[in-house]
Amino acid sequence: MKQRALLALLVSKHGQCLSVADLVDCLWGGEAPPTARAALQVYISKLRKHLAGAGFASGSLSTSLPGYVLHLGDNGFDLDEFLRLTQRKGAPHPEDRPGLEREAQNLQRALALWRGPALVDLRDVPSLRELGIVLDEAWMSAYERKLEIDLLLGRELMVLSDLRRLALQYPKREKIQGLLMTALYRNGRAAEALSTYHGLRQTLVEHLGMDPGQRLNKLHHAILNRESWLEERKNGLFASVV
């Protein structure tokens with residue numbers, strides 16, 4: 001387990017030097033035995049053999065005072081690719097359909113890289129637990145954005161099942177609940193959309209002592225009054241609602 005955790009730490013900081021002291025602290029916390037540094041050297045040696053067997057160049061895991069550096073080179077790293085595909089620098093204008101289509105395609109490619117909760121079997125290591133939580137949030141934000149674009153493009157029927165599943169999985173996440181409300185309403189299920197809002201409100205009040213935010217309240221009011229903008233298109237695109 002510690003060898004896998006060590007690899008995860010090195011990969012997450014690839015190209016950067018991680019000191020022996022920091023690695024020992026991450027792997028053993030405040031309970032490092034006197035043999036921890038020697039054990040770390042053994043793990044490093046084994047990792048070098050595994051990397052060589054996997055086709056990595058000699059010297060990919062190098063010693064560099066005060067510790068070690070992992071060089072991925074041209075082998076690539078899923079997280080780097082995920083971040084590249086999901087970054088929104090120069091994001092398309094809300095009325096730019098081709099731009100939204102391209103962003104949706106990039107997000108779909110990014111989401112396809114995912115294999116489940118990040119570092120789920122290594123979360124006994126505090127730094128990896130924190131990293132796993134951050135990565136899971138990045139995945140969720142990318143998924144929400146993809147679904148939001150699908151609704152802008154008029155694909156509410158296609159995403160309805162995904163939104164139902166996510167709404168059950170994340171009952172306190174307002175963005176998901178709002179997207180589900182929108183998809184339900186545009187599929188002629190206004191009553192279900194309102195029920196979704198009331199379920200969210202009850203959950204938030206019971207667990208957090210708070211009401212839904214301003215955007216969800218605005219959407220709820222619009223559905224109650226069947227406001228026309230909810231189903232109006234401009235240049236073939238629906239308005240953003242959450």
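The values are calculated or read from the model by the stated rules, or taken from the named source; none is laboratory data. Everything numeric in this text was worked out from a predicted model, so none of it was measured. When we count neighbours, we look across all protein chains shown, and the Cβ atoms used for this are built from the backbone with ideal geometry, even at glycine.
Starting from region 78-105, keep only residues that are part of a helix (DSSP H, G or I), then list their pairs with residues that are at pLDDT 75 or above and loosely packed, with under 12 Cβ neighbours inside 10 Å whose Cβ atoms are within a distance under 6 Å, requiring at least 6 positions of separation or different chains.
none
Which helices (runs of 4 or more DSSP H) sit wholly inside region 124-220 and have at least 1 residues that are over 26 Å from Trp114 (Cβ atoms) and either modelled with pLDDT of 95 or more or among the polar types (S, T, N, Q) (or both)?
174-186, 190-208
Tally the residues that are hydrophobic (A, V, I, L, M, F, W, C), under 17 Å from Ser64 (Cα atoms) and out of contact with any Leu (no Cβ under 8 Å at 6 or more places or on another chain), restricting the search to region 19-37.
1
From the list Glu148, Glu174, Glu156, which residue is in contact with a Pro (Cβ under 7 Å, 6 or more places away or on another chain) and closer than 19 Å to His220 by Cα?
Selected residue: Glu174, the only one of Glu148, Glu174, Glu156 that is in contact with a Pro (Cβ under 7 Å, 6 or more places away or on another chain) and closer than 19 Å to His220 by Cα.
Starting from residues that are exposed (fewer than 15 other Cβ atoms within 10 Å of the Cβ) and more than 23 Å from Ser60 (Cα to Cα), keep the ones in region 14-48 and report whichever is modelled with the lowest pLDDT.
The selected residue is Gly30.
I want to confirm something. Restricting to region 154-178 and keeping residues that are touching a residue at least 40 places away in the same chain (Cβ under 8 Å) and more than 17 Å from the chain's Cα centre (by Cα), which single residue is surrounded by the fewest Cβ atoms within 10 Å (Cβ to Cβ)?
Gly154
Looking only at residues in region 122-171 that are outside the structural domain of Arg97 (by TED's automatic domain parsing) and among the hydroxyl-bearing types (Ser, Thr, Tyr), which one is farthest from Trp229 (Cα to Cα)?
Ranking the candidates gives Tyr170 first.
Pairs needed: first member in region 50-70, surrounded by 13 or more Cβ atoms within 10 Å (Cβ to Cβ); second member anywhere, among the polar types (S, T, N, Q) and part of a strand (DSSP E or B); C-beta distance under 6 Å; at least 6 residues apart or different chains.
Cβ pairs passing all conditions: Gly67/Ser19; Val69/Ser62.
Looking at (1) touching a residue at least 40 places away in the same chain (Cβ under 8 Å); (2) of a type outside the set (Phe, Trp, Tyr); (3) over 22 Å from Arg129 (Cα atoms); (4) in contact with a His (Cβ under 7 Å, 6 or more places away or on another chain), which is the only condition Gly15 fails?
With respect to (1) touching a residue at least 40 places away in the same chain (Cβ under 8 Å); (2) of a type outside the set (Phe, Trp, Tyr); (3) over 22 Å from Arg129 (Cα atoms); (4) in contact with a His (Cβ under 7 Å, 6 or more places away or on another chain), Gly15 is out only on (3).
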